[in-house]
Amino acid sequence: MSAATTRSRTPDRLCAEAVDLARAAAEEAAAPGVVGEHVGLVSEGDRVVTHFFECKELGYRGWRWAATVARASRAKVVTLDEVVLLPGPDALLAPEWVPWSERLRPGDMGPGDLLPTDAEDLRLEPGWTGEEEPPPNSAVSDEMADLVEAEDAEVTAGTPATLPVAPTRGSISAVAEELGLRRARVLSRYGLHIAADRWEEAYGAKTPMAQAAPAACVSCGFLVPLGGSLGQAFGVCANEFSPADGRVVSLTYGCGGHSEAAVMPKPPVPAPPVIDETRVDPFPLRPLRDSGSVPEVTDEETAELGHS
């Protein structure tokens, strides 16, 4: 360990004795009666010491007033650097702040609430881009064609003419099974109507959430359309923060999580500075002799300290 390190960790004697100066500075910065007993000090460097005082203010349990004092090299006068209120090892601290976007959970939205969607929200994408190339998941894309060809290939022992049983792929029954036409029973018109009535009552235009919504689900980017006749009036909500997430909703339903309900606010732009050219502010080129924190002394008074 070097001599400089040892010297910086050892509190300066004059700075360590300046408890009254540090207390007066802390009482001036704090409210009356909140500065308590002196609870310790720590050396911040050469001739720099921080004094700690107990804080008696309500709501600041374990906090301490810290007053830092210092003195110049070869000077006997100790001066004040700064005073600040700092938390101690057992201080009562507020919980870490969490942005609202991370605090929000599915089901937190109520009637009349609005959930702004960012322009770069990963859950949404443009409805059209104008590009001629089909998307990767399109049925006419090269990637999808290769995948379909690989999945549809069947390994047989020979040509279909030499096989005892013809392959089932491509037959009427196979196509009907893929289209869902081989079920023994399907919904009747009455079954469709009562199902639509239930869904309309639960997530329809007459619900309190839909009455307070800024727009309907028919124009929301989170709506997944349904196939068949029910798709003319219903869809599935895919917004995880909506109270109808994963539910069949009416196209006239709505909530505050609509993809186009609100726009993220832009940061405020400060006004341009105003320059007054009709007046002149004098600035001294040299500081005044009595403007410093250390009083001016003559050479005779500092002779006993010696010069390097």
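The values are calculated or read from the model by the stated rules, or taken from the named source; none is laboratory data. Remember, it's a predicted structure, so these values are computed and weren't measured experimentally. With ideal geometry, Cβ positions are generated from the backbone for all residues, glycine too; neighbour counts draw on all protein chains shown. Ligands, DNA and RNA are excluded from the accessible area calculation, which covers all protein heavy atoms including side chains. Shrake-Rupley method; radii C 1.70, N 1.55, O 1.52, S 1.80 Å.
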Kindly report, to the nearest 10 Å², the accessible surface of residue 100 as traced by a 1.4 Å probe over protein heavy atoms only. 120 Å²
At q = 0.28 Å⁻¹, the log10 of I(q)/I(0) for the stretch 214-262 from a Debye sum over equal Cα scatterers comes to -1.02
With r as the distance between the Cβ atoms of residue 114 and residue 192 and R0 = 41 Å, compute the FRET efficiency 1/(1 + (r/R0)^6) and round to 0.05. 0.75
What number, in percent, do you get for the relative contact order of the stretch 31-91 if the mean sequence gap of Cα pairs under 8 Å and at least 6 apart is divided by its residue count? 27 percent
Approximate spin-label separation residue 289-residue 206, in nm, with each point projected 7 Å along Cα-to-Cβ: 9.4 nm
What is the projected area of the convex hull of the Cα atoms of the stretch 1-118, averaged over all directions, in nm²? 13.4 nm²
How large is the accessible surface of residue 73 in square angstrom, using a 1.4 angstrom probe and rounding to the nearest 10? 80 Å²
Could you pull out every residue, at least 5 positions away or on a different chain, whose amide H is within less than 5 Å of the one on residue 239? Hs are placed 1.01 Å off N in the peptide plane, and Pro or chain starts have none. 246
Peptides 199-211, 48-60, 112-124, 277-289 ordered by average Cβ neighbours within 10 Å, highest first: 48-60, 199-211, 112-124, 277-289
Could you compute the FRET efficiency for residue 274 and residue 100, with r as their C-beta to C-beta distance and R0 at 41 Å, rounded to 0.05? 0.70
Stick to the Cα atoms of the stretch 63-107, pair each with every other, and give me the Kirkwood hydrodynamic radius in Å at one decimal. 14.7 Å
Can you give the accessible area of residue 101, probe radius 1.4 Å, in Å² rounded to 10? 70 Å²
